[in-house]
Amino acid sequence: MQNWLSTLKPQKSADGTFIFALPIDEKTTLHMVDIEDTGPIITAILDDPEKYVGQDI
């Protein structure tokens, strides 16, 4: 989500409206995660790495 206002920000068109365009299929689900929300997850992984070896998180 930190990229929202830089990389993913809407672009202003010539008529003054804003266009939000991403080069992805319209049926693609776009998951957004705030880096501040990942801290507890990363901490748990680093505290017990063997538990997470080979796991998809």
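Things worth noting here:
- Spin-label model, Thr38/Thr17: points 7 Å from Cα along the beta carbon direction are separated by 3.5 nm.
- With a simple spin-label model that places each label point 7 Å from the Cα along the Cα-to-Cβ direction, the separation between Lys27 and Asp56 comes to 1.9 nm.
Rule-based calculations on the coordinates, nothing more; no lab input. Predicted model only: the values in this text are computed from it and were never measured. All Cβ positions, glycine included, derive from the backbone under ideal geometry; neighbour counts span all protein chains shown.
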